[in-house]
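> There's a structure below that I have some questions on.
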Amino acid sequence: MMSDSLVSLLILALILFFNFYCCAQEKAPVSRLLEMKSAQDNITNQNPAEKIYLQLDKNTYTPGDTLWFKAYLFNGPTLNLSAKSGLMYVSIITDSNVVVKRQRLPVENGLSWGNISLKELPAGTYTLVAYTQWLQNFSQNCFFRKQFIIADDASSGWLSNYTCSSAITDGKELAHVKLILSDAYKTIIAGKPVQLSVMKGKKRLYRENLQTDEKGMIDISFNLPDKPGDIRIIATDAGSNRVNIPLNFNRPQDADVQFMPEGGELVAGLSAHVGFKAIGLDGKGINVLGQVLDHEKKVVANFATQHLGMGSFNLPVVNAGENYTAKITLPGGSIREFPLPDVKNDGIVLNVINIPKEDSVKVLLSATDKIARSGESYFLVGKAREIICYGAMVDFKNGTSISQKINKKLFPSGITHFLLLDKNSKPLNERSIFINRHDNLHLNINADKMAYGLSDSIALHINAKDALGNPLAGNFSIAVTDDAQVHLDSLNNENIATRILLTSELKGFVEQPNYYLTANNTQGKDALDNLLLTQGWVSYNWPDGKDNPGYVAETEMAVKGRVINVFNKPVKQTKVQLFSKSPIVATDMLTDKDGRFAFRNLPLADTPAYFIKTSKNFNVGIVMDDAPPPVLLASAGPTPMPWYVSSDSTLFNSLKNNRMRQNLVDNLPADTKALKEVKITAKKIVKGSQNLNGAGNADLVFDEADMLKASKKSLLNFLEEHVPNLRWATLTKKYSLRFALQDKSLDEVNAISQFVIVRPLVTIPWYLIDNKPMKLIVDGIPFGSIFKITSFDEPNGDDIKNYLESNTAEDVKGIEINSSGKYSGDYFRRYIYPEWKPNLNPLDIAFVEITTRSGKGPAIVHTPGAYLYKPLALSVPARFYRPRYLPNDANKHTPDLRSTIHWEPNITTGTDGKATVSFYAADKPTTYTYILEGTNMDGSVGYTYGKIKVAGNANP
């Protein structure tokens, strides 16, 4: 249900809905306005989007860590906790968009929580993505995304820092880079031989064998290319140490400045308010100064960035036919010119003046004479959370401008979109503003002591109130972390309020989002207005023309599907049986009139596997209701620097403590750096494999246990995650000469080769492993031929891709990769040599042997009337470990090295608004940071943070 406050707002909006600014309006347009509001609001209320927010315990992790999270699912229009979805998904993806972890979680009353072990993941930057199946009906911009880092000094013992600059010398741009190397304890690595490379994409700009000086520094210079792009410095030694660092020179040619006139366009004869945004190569805002020049180079406006590369300026009058240019001074003093948008001869300008302390917003509409004389009527609409809260018919019969105040009480807190629509409901102008009703929750935490002793018991008393100071019941989560190991920029990080009210409705990366909601001065409010003037917004509208959802909302964990015949028609009243070995389940039911079945209330299982069978086993099939997972993309924001490029002492402390923790487990001295673990495992055997080298004899072997663990992952996702150096590439001259020819004589080959050198005969997409074309063998049967790509009936790279995407790991018993000469020789002689003789050897091709469950080759056959269903298991959250210490026990325990001191995802305040959280401190003097977030479950959210001091002896 909608919150009382929002219901009252909408009622008030309806009462004030028809405010006519000019002369009497025609009845037909008024009816269309009513119909438009009714239709839009009905669609939004019937198909509401969900907004998701996840609180994590921290943003930086070390090997063996566990990521803890609390999920809040809100109804988009009301911000009540959503009752739409009973299941949600949380995935972890790499910066190259490979899914490495995926969980399905139960959602109850819009809340869920869980944990993900990071034990198997290497160091790097990852993105946590959360969504529901229902939310897949909308844009992926609506999914929740958050970057985090895993740092590990086991694979590379180097930490680094650098400075870089560039200067023009003799007409060429010369880069100057100073690289400083140290170990995890910040000890300078002096006199170390290092191989240094500088790359731009795949092109090498510099390579040299050098040695660090007594300060651990390497100082180099090299020529920079003209075009901007990814430039990286890579340093390695003879061992396993390696750093790969993106260089940001902030060059003038790398900067980008965009101009966005308020309302959408520059219109001749009218004034203009113009927002701008300046960013560097890393995607972050940069400070600039500028002037707007006309075609005579006359200055018509001056401007400067106000916050994080954004600002705005006014043009008193836009001249017809003018080409405006911005002359901009960039960081470092360089000057560049950028064009402003083209001037439109006729049109309407929409301006919205939103003064925070006033109770109304002022909407100004200005039109050119031609538009004003046309007598056309327009719709002015104010939308918040996809609900039309305000609407009116307007025209310019009384002049070329309209001015009206609109009460802010019509709109809830958050982003409001004003739109001017023509008579066909086509948007002409748009403008977003932020309305703050100051109705967020007021959260307060009081500790029972000013400071605590080591291993002391800590109690935090929570007090939750509404905006009027009344106590309220709510649900909250709290994370407590050690400041010595976890760096939290609490002032500017995203939190539940910034996510739900601000960034969830803005496209792209928003830098320091909390600044915009916490800065109470004029500069902060102007910065928020500039953000909304320059940042595109995300639509949570139900997609146009979509009558039925392509993705239904999952309300429960159940095994659902349909029984269909060969004509894809439902088979009703047929018996469907379900069996499971672990746990033991045997049950049956009849399909309904639509051929549907649903087995509910099944016991939880770590690796669920159900055999589903119909009483009819001829000309019938079983189709499960599982929707395919979306193709997820990493965060759209700037890629953070690698973890090893940092001067933040908290990261070093966390790595040190992690090493000590591992050494304590292995009974090693605390300050020892253990060698990378070498695991000796039994040889893997793929049952039924047609491997020419013998089952299990391959460079990489994945057996049935690996396949069962991967479950519903596509074969392509599995290979991308587990096969190093697998990539999708385009084969052109080099490979078309070798692979595009079949059954040709040597003379024909030479003739065609000469032709190909001038004009490539074939360009094809293909998968490569270690830069070798991949040859797919399924149950001993080759999947097409990479030599027959000139024949249109033969599979090509896209066919292989489709095959790997459309079949899952559960369809196969194992996969064997034969890439080295040791294992590819027999494959070459069997599958390649009869087709091709000259200029080719076994080292040129990587053979992938797949063993299916059916054993019948590339066409994986499913038994009619039966289905082996292996759904993604439902994840059950673990309990966060909380040590309990006894008073005055000096030798009570091994060192307490926790970085997350406490995590509690399910805190409920009573009607008095109170709750208490308790836990024990660790054994070192430090300061803790707590972050509390949550909701009253009825449309309001809240966030607070604070510090806890730990000092002195144990239990003073």
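The values are calculated or read from the model by the stated rules, or taken from the named source; none is laboratory data. Just so it is clear, the model here is predicted, and its values are computed rather than measured. Ideal geometry is used to build each Cβ from the backbone, glycine not excepted, and the neighbour counts take in all protein chains shown. Heavy atoms of the whole protein, side chains included, go into the accessibility calculation; ligands, DNA and RNA do not. Shrake-Rupley method; radii C 1.70, N 1.55, O 1.52, S 1.80 Å.
> Local charge sum around residue 251 (other residues, Cβ-Cβ under 11 Å, Lys/Arg +1, Asp/Glu -1)?
Result for the local shell: -1.
> Next up: How much accessible surface area, in Å² rounded to 10, belongs to the heavy atoms of residue 770 with a 1.4 Å probe?
Counting only protein heavy atoms, the figure is 70 Å².
> I need the calculated FRET efficiency for the pair residue 424 and residue 83, taking r as the beta carbon distance and R₀ as 35 Å, to the nearest 0.05.
Once rounded, the FRET efficiency stands at 0.45.
> If packing is taken as the average number of other Cβ atoms within 10 Å across a peptide's residues, how do 117-123, 408-414 rank, most packed first?
408-414, 117-123
> Taking 25 Å as R0, compute the FRET efficiency from the Cβ-Cβ separation of residue 147 and residue 120 and round it to 0.05.
Using R0 = 25 Å, I get an efficiency of 0.85.
> Roughly speaking, what is the stretch gain from residue 820 to residue 551, that is 0.36 nm per residue apart minus the C-alpha to C-alpha distance, in nm to one decimal?
Separation in residues times 0.36 nm, less the Cα-Cα distance, equals 92.4 nm.
> Note down the relative contact order for region 64-220 as a percent, whole number, built from C-alpha pairs under 8 angstrom at least six residues apart.
Across region 64-220, relative contact order equals 16 percent.
> Any chance you could give the angle, 0 to 90 degrees and rounded to 10, that helix 522-534 forms with the longest Cα principal axis of the chain?
60
> By how many degrees, 0 to 90 and rounded to 10, does the Cα axis of helix 4-15 deviate from the longest principal axis of the chain?
Compared with the principal axis, the helix lies near 50 degrees.
> Please check which bits of region 407-425 a label hung off residue 541 would reach, taking the label as a point 7 Å along Cα-to-C-beta and the cut-off as backbone N under 18 Å.
Residues 415-425 qualify, since their backbone N sits under 18 Å from the label point.
> So, in Å, what gap is there between the alpha-carbon centers of region 93-161 and region 427-479?
Region 93-161 and region 427-479 have Cα centres separated by 26 Å.
> I would also like to ask the following. When the solvent-accessible surface of protein heavy atoms is calculated with a 1.4 angstrom probe, in what order do 312, 806 fall, highest first?
In descending accessible area the options line up as 806, 312.
> What pairs in 581/813; 298/362; 284/949; 178/227 have C-alpha atoms more than 28 Å from each other?
298/362; 284/949
> How much accessible surface does residue 428 have with a 1.4 Å probe, in Å² rounded to 10?
Counting only protein heavy atoms, the figure is 70 Å².
> Additional query: Can you give the extra length, in nm with one decimal, that the chain gains between residue 648 and residue 457 once fully stretched, where that is 0.36 nm per residue apart less the Cα-Cα distance?
65.8 nm
> Report, in degrees rounded to the nearest 10, the 0 to 90 angle that the Cα long axis of helix 649-665 makes with the longest principal axis of the chain.
It is inclined by approximately 40 degrees.
> Could I ask something else about it? Label residue 244 and residue 31 with points 7 Å out from Cα along Cα→Cβ: what is the distance between them in nm?
Result: 6.6 nm between the two label points.
> I'd like to check one number: the per residue accessible area of region 42-150, probe 1.4 Å, reported in Å² as a whole number.
I get 27 Å² per residue for region 42-150.
> Another question about this same structure. For the chain, calculate the relative contact order in percent as a whole number, restricting contacts to Cα pairs under 8 Å that are 6 or more residues apart.
Contact order relative to length: 15 percent.
> Give the accessible area for residue 660 in Å² (nearest 10); use a 1.4 Å probe, count only protein heavy atoms, and leave out ligands, DNA and RNA.
That residue has around 40 Å² of solvent-accessible surface.
> Could I ask something else about it? Please work out how much length the chain gains when fully extended from residue 488 to residue 345, using 0.36 nm per residue of separation minus the C-alpha to C-alpha distance, in nm with one decimal.
Here the answer is 46.4 nm.
> Turning to a different aspect of this structure: Ignoring ligands, DNA and RNA, what accessible area per residue does region 447-546 give at 1.4 Å, in Å²?
37
> FRET efficiency for residue 215 and residue 170, Cβ-Cβ distance as r, R0 = 35 Å, nearest 0.05?
0.70
> Using a 1.4 Å probe on the protein heavy atoms, what percent of the accessible area of the chain belongs to carbon and sulfur?
The computed percentage sits at 50.
> Additional query: Among (1) 14; (2) 25; (3) 17, which is the computed percent of Cα pairs over 59 Å apart?
This structure yields the entry labelled (3).
> Measure off 7 Å from each Cα along the Cα-to-Cβ vector at residue 631 and residue 801, then give the distance between these two points in nanometres to one decimal.
0.7
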